[in-house]
Structures are given as C-alpha cells and as structure tokens.
1. Take every Cα pair under 8 Å in the range 92-138 that's 6+ residues apart, average their separations, divide by the length, and report that relative contact order as a whole percent.
2. Would you mind working out the accessible area per residue for the range 54-191, using a 1.4 Å probe, and quoting it in Å²?
3. Past 22 Å, Cα to Cα, is the threshold; run 131/157; 45/164; 120/164; 120/183; 11/164 against it and keep the listed order.
4. GNM on the chain, C-alpha springs below 10 Å: top fluctuator among 145, 172, 121?
5. Under a point-charge model restricted to the Cβ atoms of Lys and Arg (+1) and Asp and Glu (-1), what is the dipole moment magnitude of the range 1-127 relative to its Cα centre, in debye to the nearest 20?
6. Quick one: compute the contact order of the chain, relative version, from alpha carbon pairs under 8 angstrom and 6+ residues apart, as a percent.
7. Give the separation of the Cα centroids, the range 88-105 to the range 146-185, in Å.
8. Per-residue ellipticity at 222 nm for the chain, helices alone: DSSP H runs ≥ 4 residues times -39500 (n - 2.57), over residue total, nearest 500 deg cm²/dmol?
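The values are calculated or read from the model by the stated rules, or taken from the named source; none is laboratory data. The structure presented is a predicted model; accordingly, all values stated were derived computationally and were not measured. Reconstructed Cβ throughout: ideal geometry from the backbone, glycine too, with neighbour counts over all protein chains shown. Surface areas here come from the heavy atoms of the whole protein model, side chains and all, with no ligands, DNA or RNA. Shrake-Rupley method; radii C 1.70, N 1.55, O 1.52, S 1.80 Å.
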Amino acid sequence: MKAVIPVVVIKDVSETESVLRALREGGINRAEITFRTACAEEAIKAGCALFPDMEIGAGTVINAGQAERAVAAGARFIVSPGFSDEVAEFCADRGVTYYPGCVTPTEIMRALSHGIDIVKFFPAGEYGGIKTMKALSAPFPQVRFIPTGGVDLNNLKEYLDFDKVYAVGGSFMMKGDITANCKEIMRICES
C-alpha cells in the first residue's frame, strides 16, 4: 500500500499530542510537521518522544540550518517546497531522507545528480497533476513522485493509482475530523 504523508502545521506545541494521536487512530502513522511556525522544532521533538514508532519528519525546510535543527529534534525525513543544494548535501552527510520539491526537468536532473530519485511534486494541482507527472516520467523513468497541493479525497485514488507515485502528501485530512478523514483515506488506499 502506498503511503500518505499528512502535512501538519502545529501552531502551539500543546496541540502536538492530540493531532498525532488523531492521525494514528485513523490509521496513518507518519507526519510531516512544517517548519513554518515558531514551535515546529519543539513539536517535532515532542512528537518523537510521545510516538517513537511514528515516522515524523520536517516539512517546508528551506535551508541547512533548519534541516540541522529538525534532525536534532528527531526528524526522520526532510521535505522542501523546492530544491536546495545545501539541504541535499546536509541530508546526504547525515543519512537522512530528503524529498525536495521538483516540478521541472532541470530540478529533477539536479535531484538525480544528488542521488535523489523520490521528489515532492508541489503544488501538484497548479503544475498539471497526473498529466505532468506522466510526461516527466517518460525521460525520467527512475523517478517517483510525492504529489502535494491540490490533492484531496476526491482525486486521491487517481494519484495513488499512478505507478510512479511513491506517496501522496497534503493537509486535506487535517480539516474537520482528522481521525475520520484518515479512516476514509485508508479505505481509499486499500480499494
């Protein structure tokens, strides 16, 4: 079964336990905690301590300093909205998985030159979604994608059915009842 990576924005570290617990109760045991808030580093640290079996990473990481802080807090993977040479080099040196945002052939070639063959395709909806990923797969058959942005419960199955999709990311499950949304996602993933 393919992975779903919830993009989680924690605005107050006190939310961390309830949000991650809701994801787990819905059947999703991973989270990308964005580095967009002042408490992101603390939230990653708390999440890793509370749920050591969860795969918790850091998202919206745009430089090596943030990557270093995220990894020190316990992040097991790093996600960026675009490609960063310095983040790629930091992650390679530390043995940490890096999913850079890549939507053009040039960006994909840059990722490949760093040994990265799984990339975040963001914002997927704005860059043509499945149609564009299929076109990019022709010259880059070794690349797998994590489409994020513009993915929701209505088109999730279409993305999951594409063999070049490694995982699907997004915050669509974070709106409303997180646990119920995750259970619906799991049902779609299993169908």
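1. That works out to 37 percent.
2. Normalised by residue count, the accessible surface of the range 54-191 is 45 Å².
3. 45/164; 120/183; 11/164
4. Of 145, 172, 121, the most mobile in the Gaussian network model is 172.
5. 220 debye
6. Value for the chain: 22 percent.
7. With the range 88-105 and the range 146-185 each reduced to a Cα centre, they are spaced 22 Å.
8. Only helices count here, giving -12000 deg cm²/dmol.
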